[in-house]
Amino acid sequence: MTTIIRASLAHAAALAALHATSFPEPERWDARAIAAQLTLPGTIALITPPAGMILLRALAGEAEILTLAIAPPYRRQGLARALLAVAITAAREHRASRLYLEVAARNLAARALYDAAGFRPAGRRARYYANGDDALIMARDLGGDLEEE
Ligand SMILES: CC(C)(COP(=O)(O)OP(=O)(O)OC[C@H]1O[C@@H](n2cnc3c(N)ncnc32)[C@H](O)[C@@H]1OP(=O)(O)O)[C@@H](O)C(=O)NCCC(=O)NCCS
C-alpha cells in the first residue's frame, strides 16, 4: 500500500534526496532550496518514502506543480498518479481552481502522466531548460468532477 505523507521542514533532506534521483545536476534542489520553498506561503509538499515526492504551490486561486520525482526503482507502479491525485485534492483545499505545471517537451513519460491526469497544453517556453529543451506549460481545471481522477 502507498503511504503519502504531508511533508514538513523536517523532511527537507529526504525530499532533496528523492529529487536528486530524478533530475540532473543543474536542475537539482538541495535540502536548503527545498526548505526555502517550504517556508513560502501556499507550498504543499507530499512524500511517499522511500519512493517519491511532489511539491506544489497554491495561491490566490491558482496552483502550480513545482516538481515531481519518483526514484527509478519505484517507477511504473502508479505512484506519480497517486501523488498527483492527492496534490489535486490539496490544491482544491487551498481553493485553487486551476493547476499549472511546466514539463520538458522531450519528457514523454511525464507528458503521458499529465495527459492521463487531465492536463492539457497551455503554452510553450522556448529553450527554457539549461540543456536547451523547450518547456510545455500544461494546465487543468480543478472544478467539477473530472473522469481522470
Ligand atoms: C514522470 C515520472 C514522475 C512518472 O512517475 P511514475 O510513478 O513512474 O508514473 P506512474 O507509474 O504513476 O504512471 C502513470 C501513467 O503515466 C504514464 N507514464 C509514466 N511513465 C511513463 C513512461 N516511462 N513512458 C510512457 N508513459 C509513462 C503512463 O500513462 C502511466 O500509466 P500506466 O503505467 O498505467 O501506463 C517519473 O518517471 C520521474 O520521476 N521521472 C523523472 C522526473 C520527472 O520527469 N518529473 C516530472 C517533471 S515535470
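Place a label point 7 angstrom from the Cα of residue 9 along the Cα-to-Cβ direction, then list the residues of the range 29-72 whose backbone nitrogen is under 14 Å away. Backbone N within reach: 32-41. Considering only 130, 139, 63, the mean-square fluctuation computed in a Gaussian network model of the chain, springs between alpha carbons under 10 angstrom, is largest for 130.
The residues packed around residue 17, meaning those with a beta-carbon under 11 Å from its beta-carbon, carry a net charge of 0 if Lys and Arg are +1 and Asp and Glu are -1. Each Lys and Arg contributes +1 and each Asp and Glu -1, all at the Cβ; summed about the Cα centre of the chain, the dipole is approximately 160 debye. Placing unit charges on each Cβ (+1 for Lys and Arg, -1 for Asp and Glu) gives the range 5-141 a dipole about its Cα centre, and among 38, 113, 70 the Cα reaching farthest toward its positive end belongs to 113. Below 8 Å between Cα atoms, with a sequence gap of 6+, how large is the relative contact order for the range 5-141 in percent? Worked out over the range 5-141, it gives 19 percent. Each Lys or Arg adds one and each Asp or Glu subtracts one; over the other residues with Cβ under 15 Å from the Cβ of residue 102, this totals +3.
For 86, 103, the sequence from fewest to most other C-beta atoms within 10 Å is 86, 103. Remind me, relative contact order of the range 23-66 in percent, using alpha carbon pairs under 8 angstrom and six or more residues apart? Across the range 23-66, relative contact order equals 24 percent.
Read-outs throughout are calculated quantities, based only on the coordinates presented, and are distinct from any laboratory measurement. This is a predicted model, so every value here is computed, not measured. Note: ideal-geometry Cβ built from the backbone for every residue, glycine included; neighbour counts use all protein chains shown.
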